[in-house]
1. Please report, for the Cα atoms of the chain, the Rg to one decimal and the Dmax as a whole number; what are they, in angstrom?
2. What number do you get for segment 212-330 when its Cα radius of gyration is normalised by 2.2 N^0.38 Å, N = residues?
3. In segment 26-113, which trypsin sites (Lys or Arg not before Pro) are in a loop and have at most 11 other Cβ atoms within 10 Å, using DSSP for the loop call?
4. Which order do you get for LYS160, LYS221 if you rank them by accessible area with a 1.4 Å probe, largest at the top?
5. Distance between Cα centroids, segment 233-268 to segment 1-67: provide it in whole Å.
6. Over what distance in Å are the Cα centres of segment 135-177 and segment 331-373 separated?
7. Over the heavy atoms of ASP268, what accessible area does a 1.4 Å probe trace out, to the nearest 10 Å²?
8. How charged is the neighbourhood of GLY27? Take every other residue with its Cβ under 9 Å from the Cβ of GLY27, and add Lys/Arg as +1 and Asp/Glu as -1.
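The values are calculated or read from the model by the stated rules, or taken from the named source; none is laboratory data. Being a predicted model, the structure only gives us computed values, none of them experimental. Neighbour counts are summed over all protein chains in view; Cβ atoms, including those assigned to glycine, are modelled from backbone coordinates with ideal geometry. Please note that ligands, DNA and RNA were not included when accessible areas were found on the heavy atoms of the full protein model with its side chains. Shrake-Rupley method; radii C 1.70, N 1.55, O 1.52, S 1.80 Å.
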Amino acid sequence: MSVKSLRQTVQGLLPSLMPVRFVAEDGTPVVKQPADYTEPPVETLREAWRRMVLGRRFDTQATALTKQGRLAVYPSSRGQEACQIGAVLALRPDDWLFPTYRDSVALVTRDIDPVEVLTLLRGDWHCGYDPAATRVAPQCTPLATQVLHATGMAESLRRKGEDGVAMALVGDGATSEGDFHEALNFAAVFRAPVVFFVQNNKYAISVPLARQTAAPALAYKGIGYGVRSEQVDGNDLVAVLAVLTAAVEHARAGNGPVLVEAHTYRMDAHTNADDATRYREDDEVEQWRSADPVDRLETYLRSRGALTDEDVAALREEAEELAARVRAGMNADSVLDPLELFDHVYAEPTPQLREQRAQLAAELAETTQAQED
């Protein structure tokens, strides 16, 4: 390879020096619009805004249900709506999404029943929806393991001659895991059509980004593996959707994987069991509150004449209806079968599992008989 070709190859991998941005924090267009990306159509932005408002209402309702004891735990994504909605809208229905435990809003945007989305966090079942039918993998709690799964799915699509794409959603903490790096290397070598979308919300639970990496940005982690990389303002839905749409198209065209880092912020605590005041200051949270992604997009759409007070009022009603449906669904007691513990452990149950299942069935029958007597 000549020096010129090598230079072009390296330049093609490098992310933008500063995060891609179309809309400033105050909702006004930035002076210098990104030259390499196309702003999504206004109707797409209106739908994205609608999804963001609904997603936030779902998020606040789920947080309230946790406090009421209806959920065992809930990791809020308040403040990360532009990332969650942008990721889903950049995909086709036949593409695959590999979410984390914090990506419930993305699943709701994928039109999965909100009650089914919360099944895992309620503790009823490992996954409340059908991954094959929805093309959404089960929400992953262990850090970065879903990144390998997404890469494997993308490679299988490529080998079968399909033009589908897989997108793996990860947090900044997952980039410190070996699985993340193994997935990037494999995907690059085999040119798997996968997009790695890192939502850098600045904390891995309580560990700040500066304690995780000395890199100027997490996007640079892709270069060493030969993965095209980019960084984007994760609170600017316009930029997130533009960058992710381009990344998905790049992967779908057979050009290999893409790593996108979104600079965003988790407004609430890690989960309801976390005390965020122990590791971050209120002033920091307030500073990021001024960059709220929902308010930013609403202001931008209003400035373009694409949104009215009537639109906002109508959507608020729709959001409250969604919250009411979630409350009703979660207030209904689940009917659970303890013997389901043994389902899906293995494709073919082992003799030990059959024996354990039989023992539990006998104990349950004995308990039922005693209660009837």
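1. When restricted to Cα atoms, the chain yields Rg and Dmax of 22.1, 86 Å.
2. 1.39
3. Qualifying residues, ordered by number: LYS32.
4. From most accessible down to least: LYS160, LYS221.
5. Taking the Cα centre of segment 1-67 as reference, the centre of segment 233-268 is 6 Å away.
6. Between the Cα centre of segment 135-177 and that of segment 331-373, the gap is 33 Å.
7. Accessible area, nearest 10 Å²: 50 Å².
8. Local charge sum for GLY27: -2.
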